[in-house]
Structures are given as structure tokens and as C-alpha cells.
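Trainee: One structure follows; several queries about it will come next.
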Amino acid sequence: MTERQQRGAIGEQAAVDYLRQNGFMIIERNWRVGKSEIDIIASRYDELHFVEVKTRKFGTMTAPEDALTEQKARAMRRAASAYMAQHSCMLEPRFSLVAIEMIGERVESLRFVQDALQYSW
């Protein structure tokens, strides 16, 4: 596993831990359809959250939030639509982002951004 993959795995686990501590039930991790992937699918209340996790080294020029590009947003929307159709889901869809910055193998900061994207049919 490369350093980048290891950092991503640590960041994703930190995101899962954060979500669980804040009342989310984790439904899926790394759910794939075609070439698209959703890092975490979680529910809370009557909402279904499609969560993108972006992990970066602390102090880099770009914040993790800046890595959520329009291309990635389109892929997430397509994947979310496919997930909801396959699972006959009636929950309200939400797109969230967990932005993580790390120093070495330690999470230095974690930010949860609810409604990072808007859902549109």
C-alpha cells in the first residue's frame, strides 16, 4: 500500500468514526457502480448521506474541500441515483463531505460539510 493509499484509508476510517459518534448508521463503504464510487453511504434520521472523504497532508496548498471537483460531483450524483434506484430508497438524499488533514499518520483536523453538493434529478 502506498503512502497516499494508507493516508486515505486512515482518513476514511476517521470519517466513519466521526459519523458514528454523531448518530449516523454506516450502510456502505466504497460502494461502486460502473467507474463511480461513493466513499461512505450513511443514514441519520430520515436522510441518506452520500459522503465523500478527502484526505490531505496538513499544510498543503489546497484544502481537502477544494478536491471536490465538478467532475467528481457529477459522478457522485450518478452513483447516488443508481444506489437509490437499486435499493428503492425513500430517504431524503444529502451529499456530505468529510475533509481531513493529517500530519504523518495522525488526523490533525476533520471537518464535516453537510450539503456539500445539491441533489438534483
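Trainee: Given a 1.4 angstrom probe, I'd like the percentage of the accessible area of the chain that is carbon and sulfur, rounded to a whole number.
Mentor: On the way: 3360 of 6990 Å².
C and S fraction of accessible area: 48 percent.
Trainee: For region 1-19 and region 66-121, what is the centre-to-centre distance using only Cα atoms, to the nearest Å?
Mentor: When both Cα centres are located, 15 Å separates them.
Trainee: In degrees, nearest 10, range 0 to 90: what is the angle between the Cα axis of helix 70-86 and the longest Cα principal axis of the chain?
Mentor: 40 degrees
Trainee: Related question: If the cut-off is a Cα-Cα distance under 20 Å, which lysines reach Lys35, setting aside same-chain residues fewer than 8 apart in sequence?
Mentor: The qualifying lysines are Lys54, Lys72.
Trainee: Can you list the chymotrypsin sites (Phe, Trp or Tyr not before Pro) in region 25-60 that are in a DSSP coil and have 16 or fewer other beta carbons within 10 angstrom? Intermediate values should be presented prior to the final figure.
Mentor: Details: sites: Trp31, Tyr45, Phe50, Phe58; in loops: Tyr45, Phe58.
When the chymotrypsin sites (Phe, Trp or Tyr not before Pro) of region 25-60 are filtered for loop state and at most 16 Cβ neighbours within 10 Å, Tyr45, Phe58 remain.
Trainee: In Å³ and rounded to a whole number, note down the convex hull volume per residue for the Cα atoms of region 30-88.
Mentor: Values: hull volume 5.8 nm³, N = 59.
So the per-residue hull volume is 99 Å³.
Trainee: By a straight-distance test (C-alpha under 15 Å), which aspartates and glutamates pair with Lys57 as possible cross-link partners, with residues fewer than eight away in the same chain excluded?
Mentor: Glu3, Glu12, Glu65, Asp66, Glu101, Glu105, Glu108
Trainee: Oh, and also: Might you tell me the accessible area per residue for the chain, computed with a 1.4 Å probe and given in Å²?
Mentor: On the way: 6990 Å² over 121 residues.
With all protein chains present, the chain gives 58 Å² per residue.
The values are calculated or read from the model by the stated rules, or taken from the named source; none is laboratory data. Just so it is clear, the model here is predicted, and its values are computed rather than measured. Cβ coordinates were reconstructed from backbone atoms using ideal geometry, including for glycine residues, and neighbour counts include every protein chain displayed. With ligands, DNA and RNA removed, areas are computed over all heavy atoms of the protein, side chains included. Shrake-Rupley method; radii C 1.70, N 1.55, O 1.52, S 1.80 Å.
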